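Just below is one structure, and these are the notes that go with it.
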Amino acid sequence: RNCSWYKLVDYIPFDLYTQTTLNLMEYFNFPDLVIHLAWSNLPNYNDEIHTNMNLPNQILFLDNLIHNGLKNLAVTGTCFEYGFVEGKLTEELESFPTTQYGIAKDKLRVHLEQYIKGKHSLSLKWIRLFYMYGMGQNKKSLFYQLNQALESGDPIFKMSGGEQIRDFLPVEKVAENIVKISLQNKVNGIINNCSGSPIKVKDFILNYLQSKQKNIELNLGFYPYPEYEPMSFWGCNKKLNSIIS
């Protein structure tokens with residue numbers, strides 16, 4: 001609330017877990033564009049709440065908006081929709097999600113595509129997020145814990161082996177890309193929001209420490225690699241670049 005733009009924004013509360021007969025387009029003052037970011041219970045990627053509760057409630061919410069006249073919709077998906085696939089991930093790849101979170105997001109995308117097909121003139125942008133870092137991250141995230149260790153003056157930081165290859169973007173860039181994707185209608189469908197630059201987690205952390213002029217010993221291999229992620233994957237940003245360049 002200390003932000004200079006806070007008073008320029010209208011905040012309209014709505015509980016996604018409530019059943020409603022409201023016309024949500026009217027309730028939200030007939031928006032020209034909806035950028036939908038809401039999703040709960042992260043980063044518990046394999047919790048069945050994603051498929052049992054989040055998915056049906058998200059469908060009801062978005063269907064209501066579309067049914068009542070929404071013409072422009074951008075929804076954040078996830079790289080977990082691709083599943084256990086190695087290498088460069090392009091939007092044309094078939095999705096094979098293995099986590100409950102990835103499955104729920106993918107089913108929501110498929111539902112929206114089918115719901116609007118031949119029935120509604122809706123511009124749908126499905127924005128797949130990769131690995132972001134920055135202010136406001138979940139306390140279980142790698143970089144939140146790293147920064148906490150640095151602030152506490154810890155001599156050692158415990159982490160995985162760090163050999164996994166990922167695709168990182170600062171949260172400010174992620175947000176900027178989401179806005180640019182959402183405000184255009186020439187490119188629709190699935191769009192990767194990624195750097196397109198593969199890097200080992202270990203090297204990314206070392207670069208981060210160097211940029212902050214910080215030192216801490218990395219206890220590599222303390223934690224096992226997550227079973228729900230392949231060792232090496234990153235996004236293709238060709239489609240994204242056609243929008244933002």
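Things to note:
- Residue pairs whose Cβ atoms lie under 6 Å apart, separated by 6 or more positions or on different chains, with the first residue in the stretch 19-41 and part of a loop (DSSP other than H, G, I, E, B) and the second open to solvent by 40 Å² or more (accessible area, probe 1.4 Å), are N23/N68; F28/I12; N41/D47; N41/I49.
- Which numbered condition F157 fails, given (1) outside any strand (DSSP E or B); (2) open to solvent by less than 50 Å² (accessible area, probe 1.4 Å); (3) more than 19 Å from A38 (Cα to Cα): (1)
- Residue pairs meeting the criteria (Cβ under 6 Å; at least 6 apart or on separate chains; first farther than 22 Å from E113 by Cα, in the stretch 126-139; second open to solvent by 30 Å² or more (accessible area, probe 1.4 Å)): M132/V171; G134/P170; G134/V171; Q137/Y144; N138/P43
- Number of positions in the stretch 178-237 that are over 22 Å from the mean Cα position of the chain (by Cα), part of a helix (DSSP H, G or I) and among the hydrophobic types (A, V, I, L, M, F, W, C): 2
- Only a single criterion out of (1) under 21 Å from P226 (Cα atoms); (2) touching a strand residue (DSSP E or B) at 6+ places or on another chain (Cβ under 9 Å); (3) not polar (S, T, N, Q) is not satisfied by I35, namely (1).
- Leading residue by the ranking (modelled with the highest pLDDT) among those in the stretch 208-245 that are of a type in the set (G, A, S) and open to solvent by 70 Å² or more (accessible area, probe 1.4 Å): S242
The values are calculated or read from the model by the stated rules, or taken from the named source; none is laboratory data. Given the structure is predicted, the values throughout are model-derived calculations rather than measurements. Because the Cβ atoms are built from the backbone with ideal geometry, glycine has one as well, and the counts that use them run over all protein chains shown. The protein model used for the area step is the full one, side chains on, heavy atoms only, and it has no ligands, DNA or RNA in it. Shrake-Rupley method; radii C 1.70, N 1.55, O 1.52, S 1.80 Å.
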